[in-house]
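For reference, the structure is listed below as structure tokens.
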Amino acid sequence: MRAVVFDMDGTLLDSVPTVSRAYADAIRSLGGPPVTPDEVVAGRHVGHTELVLAHFLGRACGSAEVECFHAHLDPAVAELRPFPGVPALLDELAGAGLRLGVFTAATRRAALSMLAATGVEARFDVLVAGDDVERPKPAPDGLLLAQRQLGVPAGETAYVGDAEVDLGCADAAGSLGVHASWSARAEFRAGGHPVAARPYDVLDLVVR
């Protein structure tokens with residue numbers, strides 16, 4: 001492998017509870033149905049913030065609704081942390097000469113804020129956000145865009161994620177999908193994909 005692209009929420013950052021709670025609170029304050037954070041997790045596959053809000057509210061959403069979401073999310077961003085072992089893994093991968101990227105369903109605004117707050121933003125060469133592409137995961141569009149920006153072909157890129165849509169995205173792109181099972185919610189079966197039970201396992205799977 002010459003490059004590793006990571007999902008963000010639940011893979012790099014222990015952020016799923018915080019983000020899901022912000023969605024649930026925003027949906028409620030926008031007049032939507034009462035939803036639990038777990039229900040938000042199940043529905044986030046639809047795409048970036050506008051699409052998730054529209055999915056639960058049952059109507060088109062725009063900048064006003066997104067601002068409402070950020071009013072709930074932004075105060076909690078400073079409390080987010082990367083999963084233990086993630087910063088050391090990123091340093092090891094970069095030291096081994098691999099290029100690093102992020103492809104996340106989150107908007108660019110949210111992703112930049114969260115990566116910067118957790119101190120890992122500077123470690124990545126490329127960030128592709130959910131609002132940079134038309135089709136959400138498991139469509140390969142965002143991963144393929146990240147690979148083009150990194151200058152590394154799909155067959156020499158690994159995509160590390162905690163969700164089934166992440167592995168489906170890797171398959172659709174022709175890349176190696178690695179299941180980040182260190183996330184508390186990563187309970188699905190990885191099928192034939194390699195599994196990283198802890199962040200450092202990624203190094204063994206893509207370098208050694």
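Summary table
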{"read-out": "Shape of segment 16-77, Cα gyration tensor, a/c cut at 1.5", "value": "rounded"}
{"read-out": "For the chain, calculated [θ]222 nm from helices alone, where every DSSP H run of n ≥ 4 adds -39500 (n - 2.57)", "value": "-13000 deg cm²/dmol"}
{"read-out": "5 angstrom amide H check on VAL160, placed H, neighbours 5+ away", "value": "VAL5, PHE6, ASP7, VAL178"}
{"read-out": "For volume of the Cα convex hull per residue in Å³, calculated from these coordinates, the label among (1) 102; (2) 136; (3) 153", "value": "(1)"}
{"read-out": "Rounded FRET efficiency, nearest 0.05, which uses the C-beta distance separating ARG109 from ARG2 and R0 of 30 Å", "value": "0.50"}
{"read-out": "Estimated FRET transfer efficiency (TYR200, GLU134; beta-carbon r; R0 25 Å; 0.05)", "value": "0.10"}
{"read-out": "³J(HN,Hα) computed for each position of segment 30-38 - Karplus, 6.51 cos²θ - 1.76 cosθ + 1.60, integer Hz, glycine/proline x", "value": "8, x, x, x, x, 10, 8, x, 5"}
{"read-out": "Amide H within-cut-off set for LEU127, under 5 Å, with H built and near neighbours excluded", "value": "VAL102"}
{"read-out": "Gaussian network model of the chain, Cα within-10 Å springs - most flexible of ALA71, ALA154, ALA111", "value": "ALA71"}
{"read-out": "Burial ranking of peptide ranges 13-19, 60-66 (average Cβ count within 10 Å, highest at the top)", "value": "13-19, 60-66"}
{"read-out": "Spin-label pair GLU121/THR36, simplified geometry with 7 Å Cα→Cβ offset, distance in nm", "value": "3.5 nm"}
{"read-out": "Spatial separation of Cα centroids for segment 1-70 and segment 80-123, in angstrom", "value": "19 Å"}
{"read-out": "Sorted peptide list for 83-92, 27-36, 164-173, 133-142, criterion being average Cβ within 10 angstrom, highest first", "value": "164-173, 133-142, 83-92, 27-36"}
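Every number in this text was worked out from the coordinates using simple rules, so none of it is lab data. Just so it is clear, the structure is predicted and the values come from calculations on it, not from any experiment. So basically every Cβ, Gly included, is an ideal-geometry build from the backbone, and we count neighbours across all protein chains shown.
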